[in-house]
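Rule-based calculations on the coordinates, nothing more; no lab input. None of the values given here were measured: they were computed from a predicted structure. Note that we place each Cβ from the backbone using ideal geometry, even for glycine, and neighbour counts take in every protein chain shown.
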Amino acid sequence: MGTQQIYLIVLAVIIVGIATGVAFTIFMNHQYYSNRQNMASEMATFAPAVLKYWNTSRLLAGADANMNRLSIAGVAGYIGFNIVKVINGVTTYSTKDDNGEFRVTAISTTDSTVTIQGLGSEKRNGKHPFLTSTISLKKHPTTKTVLVMSDATGW
């Protein structure tokens, strides 16, 4: 074999190696962003469930639109968050699926909001997708949900 042929083989190996690396990076980024979008879609389904719980009569196990009857345990149970953990003396209510883990994290009586957070299952640069959905229970002027997407290393 001539020197020119060896150089061509080495060049071909380098090009295939670079192409494989780029393809792997593109694939991993796609998985991460796809996971984040799937979580956002799933978070969008929680808001109507929380509002349904808020407007449901207490006779039917709802909050009856009363902040005194609203609790993290009640919201979590109503929307199907069935995993209960006690971490450092704090009880957390969550649900887990292929996209990640979702938790009811806060209820604000002053703002009349419920906060649900989600941590994705995919990683990029050591961080997971982290979403926070704040659901307003106020009816005036409109009920709204704010979704914030970021990255986190864990809970």
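Tabulated data for the structure shown
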{"read-out": "Inter-label distance for LEU59 and ASN82, nm, one decimal - labels placed 7 Å from Cα along Cα-to-Cβ", "value": "2.8"}
{"read-out": "MRE, 222 nm, helices only [DSSP H, n ≥ 4, -39500 (n - 2.57), over the chain, to nearest 500]", "value": "-14000 deg cm²/dmol"}
{"read-out": "Length added when fully stretched, LYS123-SER41, from 0.36 nm per residue minus Cα-Cα", "value": "27.7 nm"}
{"read-out": "Directionally averaged projected area (convex hull, Cα atoms, the chain), nm²", "value": "13.1"}
{"read-out": "Sequence-separation-based contact order of the chain, relative, with Cα cut under 8 Å and 6+ spacing, percent", "value": "17"}
{"read-out": "Efficiency of FRET between LEU147 and ALA19 - r from beta-carbon atoms, R0 25 angstrom, step 0.05", "value": "0.10"}
{"read-out": "Rounded FRET efficiency, nearest 0.05, which uses the C-beta distance separating MET28 from SER71 and R0 of 25 Å", "value": "0.05"}
